[in-house]
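Since the structure comes first, as structure tokens, the remarks are kept for the end.
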Amino acid sequence: MKKLNLAIFFLFVFTIQSFAATDTLRVMNWNLLNFAGTDTSRVQYYRTVISNANPDIFICQEISGPAANGVLYNQVFQSFAPGVYDTVVFNMGPDTGNLLFYKKSKAKFISNTPIRTALRDISEFKMYMPFIQDTVRFFSCHLKASSGSANEILRGKEVDTLRYYTNQLPLNKFFILAGDFNIYSANEAAYQKLLAVTTGEGQFFDPIPNMTGNWNGVAAYAFYHTQSPRVRSFGGGATGGMDDRFDMLLHSKAISNAGSKFFFSYSTTKYFTYGNDGNHFNDSINKQPNTAAPVDVVNGIHYASDHCPVIAKYVLTGTSGIIAAGNEIPSGFSLSQNFPNPFNPVTTIGFGLPVSAYVTLKVYDLTGREVLSPVNEQKPAGNFAVTIDASALPSGTYIYRFTAGNYTAMKKMILLK
């Protein structure tokens, strides 16, 4: 672990000005069909589909081996967008696991916590969103497969475990449940339990209104079906054409509230099954014509998995930046005092660059141990703000050190929990 030689330094208050703005968070979920990372023959299809979708957050299920994380990161995300994405710590549960990839400009990884059920783990990916200066939880599930009352009961029990967890969360929290639910009908117990209003605000909201009755094999719901994009068997997975709505993105009450800084309002352009134009009921997704996506994308979906991806677009409202008062391009290098200070657990640090420079911003405890490294990249001239989430750190005094070219500055900040 890196250490810093502490020095005597002076503290001063940096005048800042913040302004409200909006941004969009594009979240994509996809069951990748038993991907271990040892057989890379389908990676080309993952890359085609994901690069065309260009998600900010990508969540996936049926990860069947620890090698999958590195293969997907290096051969998919790094291949089409070098340096743009990062991945999370992977926890391999019983049967298969879950993964999340994210654009570093949109989010920061905090933790991956497995929620143990009697069957597969449900993953809680806790992410910090600098734009809204808040935490968002992304849950990923793969509920018990197959029809029949016994399997419906098992799916209901898995949901009971998740709802026990979400019911304990404080009010007004942002969370999204992504996954392969294997639910056939709005009448099924698991779906009803997800939406049920109980203690607190642990319930989930279906972004598509009026999804009543049976979804399975009903032509009227063809636009919302996510399985199966193929009519013949190859490489495992289900066949039979598009006739099931198994894959969904559900969200918390806070995300449903108009005026929320993390908000969703339904339309068919804001929530959709990627590659499904609604005209492939009981057919393969790549049968032409398909007006929903390019030919190479629908072919990629067809050959990559027995599920189609689901995409949702959320509106974020927050503080887009911090500007040194009256000075858009500074005349010299500068580092601001974090604000607020003391803080709990989020604070913002501003810095100014008169010219383009390679910038590092590191946080150390009083023993000189490096505990955070929020910036390590080339930046153009201008004023910048970095939001730091110290929720994983204990209360105490910390030093942050800023380096740009030959310029170095240090300041103190206090975390009070």
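Rule-based calculations on the coordinates, nothing more; no lab input. Model, not experiment: these values are computed from the prediction. Please note: Cβ atoms are built from the backbone with ideal geometry, for glycine as well, and neighbour counts cover all protein chains shown.
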Candidates T239, T198, T226: whichever shows maximal mean-square fluctuation once the chain is modelled as a Gaussian network with Cα springs under 10 Å: T198
How much length is gained on full extension from A186 to F80, taking 0.36 nm per residue of separation minus their Cα-Cα distance? 34.3 nm
Dipole magnitude of the stretch 21-317, debye to nearest 20 (Cβ charges: Lys/Arg +1, Asp/Glu -1, about Cα centre): 560
Looks like the stretch 21-317, by Cα gyration tensor root eigenvalues a ≥ b ≥ c and the a/c under 1.5 rounded cutoff (else prolate when a/b is bigger than b/c, oblate otherwise), is rounded
Estimated distance in nm for a label pair at Y165 and V346, the labels positioned 7 Å out from Cα along Cα-to-Cβ: 2.2
Give me the distance between the Cα centres of the stretch 235-272 and the stretch 65-96, rounded to whole Å. 23
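Can you give the helix-only mean residue ellipticity at 222 nm for the chain, where every DSSP H stretch with n ≥ 4 adds -39500 (n - 2.57) and the sum goes over all residues, rounded to the nearest 500 deg cm²/dmol?
Values: 6 runs with 56 residues, N = 417.
Computed mean residue ellipticity for the chain: -4000 deg cm²/dmol.
Suppose R0 equals 41 Å. What FRET efficiency, 1/(1 + (r/R0)^6) with r the Cβ-Cβ distance, do N406 and N279 give to the nearest 0.05? Could the numbers behind the result be given before it?
Working: r = 62 Å, r/R0 = 1.50.
With R0 = 41 Å, the Cβ-Cβ based efficiency is 0.10.
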Which of S336, S64, S79 moves the most in a Gaussian network model of the chain with Cα springs under 10 Å? S79
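I'd like the FRET efficiency for A145 and S395, computed as 1/(1 + (r/R0)^6) with the beta carbon distance as r and R0 of 51 Å, rounded to 0.05.
Details: r = 46 Å, r/R0 = 0.89.
That pair, A145 with S395, gives E of 0.65.
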So, in nm, how far is label T269 from label V89 when the simple model puts each one 7 Å beyond its Cα toward the Cβ? 4.1
With Cα atoms, 0 to 90° folded angle of helix 149-166 axis to the chain main axis: 20
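For the stretch 38-110, run through the trypsin sites (Lys or Arg not before Pro) and keep only the ones in DSSP coil with at most 13 other Cβ atoms within 10 Å of their Cβ.
Working: sites: R42, R47, K103, K104, K106, K108; in loops: R42, K104, K106.
Counting only loop positions with at most 13 other Cβ atoms within 10 Å, the trypsin sites (Lys or Arg not before Pro) in the stretch 38-110 are K104.
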Relative contact order, percent, of the chain when contacts are C-alpha pairs under 8 Å separated by at least 6 residues? 17
Express as a percent, rounded to the nearest 5, the fraction of DSSP beta bridges in the stretch 21-317 (both residues included) that run antiparallel. 75
If a paramagnetic tag sat 7 Å from the Cα of V197 along the Cα-Cβ line, which residues of the stretch 137-167 would have the backbone N under 17 Å from that point? 167
I'd like the distance separating the alpha-carbon centroids of the stretch 349-371 and the stretch 98-112, in whole Å. 21
